[in-house]
């Protein structure tokens, strides 16, 4: 079973500091990309975003960022923003608080951001509480499943068109697993919602830097 929309029950039982959607009546959607940067894929994503004058947020792994500094610079120069996605893409449910916070800090040493998203969406209440002092912890309201071999781009796009609304945070991946699929889904989202009068902004706009 694929949950394209985050179930409300999951949102209710999750730590209260997690942000699942932006509360707004403005026709604005927030595109996010996890697990990059990856040469080729991230460049292609940036090219498509540029064609539609859309801004996005890239939740990068510190290890990937360290290996691809020129792509990180390109993301920033293009007016997008970065988010911390841990250094080694570790699972919060399988990590001690100490190990988890150290991995987040290791990513922070590569690039600075006030935004954080836990890999796999897995984070404990204590991890979340401690990290919320420094970060806005941003989850998602819609998942494209661009990485999943059983999901076709047109299937995912159809659901995004039906479910996305003002303030939706859409999760995609600029990773090797997503490959060409993310480009097809992204292009379809941008084309459809641009014609419907929506704009696309980075999360930095609504979650200002924490002191």
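The values are calculated or read from the model by the stated rules, or taken from the named source; none is laboratory data. Being a predicted model, the structure only gives us computed values, none of them experimental. Cβ coordinates were reconstructed from backbone atoms using ideal geometry, including for glycine residues, and neighbour counts include every protein chain displayed.
Look at region 106-124: where a residue is on the phi > 0 side of the Ramachandran plot and assigned to a helix (DSSP H, G or I) and a partner is at pLDDT 95 or above and buried (at least 18 other Cβ atoms within 10 Å of the Cβ), sitting 6+ places away or on another chain with Cβ atoms under 8 Å, you get 120/92; 121/139; 121/140.
Here is the figure for region 56-69: residues that are over 21 Å from residue 182 (Cα atoms) and out of contact with any helix residue (DSSP H, G or I) (no Cβ under 7 Å at 6 or more places or on another chain) total 4. Of the residues making up region 1-51, those that are assigned to a helix (DSSP H, G or I) and modelled with pLDDT of 95 or more are 41, 42, 43, 44, 45, 46, 47, 48, 49, 50, 51.
For region 162-183, taking the residues that are at pLDDT 95 or above and surrounded by fewer than 20 Cβ atoms within 10 Å (Cβ to Cβ), the one that is farthest from residue 76 (Cα to Cα) is identified as 162.
Restricting attention to region 71-102, the residues that are assigned to a helix (DSSP H, G or I) and either surrounded by fewer than 20 Cβ atoms within 10 Å (Cβ to Cβ) or touching a residue at least 40 places away in the same chain (Cβ under 8 Å) (or both) total 11.
Exactly one residue out of 157, 186, 115 is buried (at least 19 other Cβ atoms within 10 Å of the Cβ), within 26 Å of residue 40 (Cα to Cα) and touching a strand residue (DSSP E or B) at 6+ places or on another chain (Cβ under 6 Å): that is 115. Kindly evaluate residue 66 against the criterion of being at pLDDT 95 or above and either surrounded by fewer than 19 Cβ atoms within 10 Å (Cβ to Cβ) or assigned to a helix (DSSP H, G or I) (or both). Considered against the rule, which asks whether it is at pLDDT 95 or above and either surrounded by fewer than 19 Cβ atoms within 10 Å (Cβ to Cβ) or assigned to a helix (DSSP H, G or I) (or both), residue 66 comes out as yes.
Filtered by the rule that a residue be free of Cβ contacts under 8 Å to residues at least 24 places away in the same chain and not in a helix (DSSP H, G or I), region 153-202 gives a lone residue, 165. On the stretch given as region 49-62, residues that are more than 15 Å from residue 30 (Cβ to Cβ), more than 14 Å from the chain's Cα centre (by Cα) and buried (at least 16 other Cβ atoms within 10 Å of the Cβ) total 1.
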